[in-house]
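This report refers to the structure that appears directly beneath it.
The values are calculated or read from the model by the stated rules, or taken from the named source; none is laboratory data. Since this is a predicted model, take the numbers as computed values, not measurements. Virtual Cβ from ideal backbone geometry, glycine too; neighbours counted across all protein chains shown.
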Amino acid sequence: MTRDELLKIVEQCSSDLDPYTGPLKIVRVPQYNTIFIEQNGNDTRSVMLSEQDVDGKTFWAGYSSYSETVYISQAS
């Protein structure tokens, strides 16, 4: 997933008017997280979240191709 695609998903998730309706799973994680530990059975993977600025707010977001999930954490 490219940075632009991830930004577009974060923009949709931050908007109350146009909620995300795509094929990926969206998981909100606690505020200010920059790394998320994803567990699936006996497998554990870390997902690095990158900073995304949307409408004056800062979010951290990352994509896991393993679970096809976008993790989003609000920072401001």
Inset, instruction - Return the total of residues in the range 35-62 being out of contact with any helix residue (DSSP H, G or I) (no Cβ under 6 Å at 6 or more places or on another chain) and touching a residue at least 40 places away in the same chain (Cβ under 8 Å). - result: 4
Inset, instruction - Return only the number of the condition from (1) farther than 16 Å from residue 1 by Cβ; (2) surrounded by 11 or more Cβ atoms within 10 Å (Cβ to Cβ) that residue 43 does not satisfy. - result: (2)
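Considering every residue within the range 16-29, establish whether at least one is surrounded by 14 or more Cβ atoms within 10 Å (Cβ to Cβ) and either over 11 Å from the mean Cα position of the chain (by Cα) or touching a residue at least 60 places away in the same chain (Cβ under 8 Å) (or both).
Residues of the range 16-29 that are surrounded by 14 or more Cβ atoms within 10 Å (Cβ to Cβ), as a first pass: 20, 24, 26-27, 29.
After this cut, where a residue has to be either over 11 Å from the mean Cα position of the chain (by Cα) or touching a residue at least 60 places away in the same chain (Cβ under 8 Å) (or both) as well, the list is 20.
Checked the range 16-29: at least one residue is surrounded by 14 or more Cβ atoms within 10 Å (Cβ to Cβ) and either over 11 Å from the mean Cα position of the chain (by Cα) or touching a residue at least 60 places away in the same chain (Cβ under 8 Å) (or both).
Name every residue in the range 30-68 that is outside any strand (DSSP E or B) and under 8 Å from the mean Cα position of the chain (by Cα), in order of residue number. Step through it out loud before you land on a result.
The first filter runs over the range 30-68 and keeps only residues outside any strand (DSSP E or B), leaving 30-34, 41-42, 49, 55-56, 65-68.
Scanning the range 30-68 gives a single hit, 49.
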Inset, instruction - Give the residue, chosen from 71, 20, that is part of a loop (DSSP other than H, G, I, E, B) and of a type in the set (Phe, Trp, Tyr). - result: 20
Inset, instruction - Taking residue 46 as meeting all but one of (1) under 16 Å from residue 11 (Cβ atoms); (2) at pLDDT 95 or above, write down the number of the exception. - result: (1)
